[in-house]
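The values are calculated or read from the model by the stated rules, or taken from the named source; none is laboratory data. Everything numeric in this text was worked out from a predicted model, so none of it was measured. No Cβ is skipped: glycine too gets one built from the backbone with ideal geometry, and neighbour counts run over all protein chains shown. Keep in mind that these areas ignore ligands, DNA and RNA; they rest on the heavy atoms of the full protein, side chains included. Shrake-Rupley method; radii C 1.70, N 1.55, O 1.52, S 1.80 Å.
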Amino acid sequence: MAAHQNTDNVTAQSKQVVLDYMNALTNGDDFAALREFFTPETTWTLAGDLPVSGTWTGPDEILDEFVPTVVARLVPESLELEFKSVLAEGDRVLAEWRTHGMSRSGRPYDQHCLAIFTIREGKIAAVREHFDTLHAHNVLFS
């Protein structure tokens with residue numbers, strides 16, 4: 001019984017970290033607050049063959065290189081994140097959201113995203129993000 005309760009606690013804590021991260025993300029562009037969610041070794045891996053695909057390591061690469069490269073291709077005031085659901089088991093959390101916006105070239109961007117977060121000691125240790133890379137390529141990178 002104790003092992004089950006421990007797993008439930010880890011699951012609840014992991015889920016809360018991701019929910020808190022999502023709330024911080026949608027409450028503005030305070031990257032200083034977002035940095036607090038990552039370890040110095042956090043990896044963020046984006047699947048596919050986009051110019052931003054691959055693995056980004058640490059909050060500096062993630063927040064100063066990866067995120068701005070994508071956001072720069074959108075009209076900033078058009079960007080909206082709509083979080084759909086969060087599922088958790090142990091230290092892994094699956095988050096689903098939609099990103100809406102207008103590309104700088106005037107095309108609508110409507111992306112469905114899934115990411116698997118791994119949480120260690122109350123911090124995001126790793127993220128594996130998946131979305132429609134063809135849509136992203138056609139709207140943002142072509």
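Checked across region 8-18, the condition of being closer than 30 Å to Phe141 by Cβ, of a type in the set (Val, Ile, Thr) and open to solvent by 40 Å² or more (accessible area, probe 1.4 Å) holds for no residue. Within the option set Arg120, Arg107, Arg98, being surrounded by fewer than 18 Cβ atoms within 10 Å (Cβ to Cβ), in contact with a helix residue (DSSP H, G or I) (Cβ under 6 Å, 6 or more places away or on another chain) and not hydrophobic (A, V, I, L, M, F, W, C) holds for one residue only, Arg107. Within region 32-66, the set of residues being open to solvent by 60 Å² or more (accessible area, probe 1.4 Å) and either touching a helix residue (DSSP H, G or I) at 6+ places or on another chain (Cβ under 6 Å) or part of a helix (DSSP H, G or I) (or both) comprises Ala32, Arg35, Pro40, Asp60, Glu61, Asp64, Glu65. Among strands (runs of 3 or more DSSP E) entirely within region 80-142, having at least 2 residues that are within 14 Å of Ala47 (Cβ to Cβ) singles out 108-120, 123-131.
If the condition is being open to solvent by less than 50 Å² (accessible area, probe 1.4 Å) and charged (D, E, K, R), then region 123-136 contributes only Glu129.
Residues that are open to solvent by 50 Å² or more (accessible area, probe 1.4 Å), touching a Leu at 6+ places or on another chain (Cβ under 8 Å) and either at pLDDT below 95 or β-branched (Val, Ile, Thr) (or both) occur in region 76-88; there is at least one.
Only one residue in Ala95, Ala47, Ala24, Ala32 is aliphatic (A, V, I, L, M), without any contact (Cβ under 8 Å) to a residue 12 or more places away in the chain and farther than 16 Å from Glu121 by Cβ, so which one is that? Result: Ala32 is the single residue among Ala95, Ala47, Ala24, Ala32 that is aliphatic (A, V, I, L, M), without any contact (Cβ under 8 Å) to a residue 12 or more places away in the chain and farther than 16 Å from Glu121 by Cβ.
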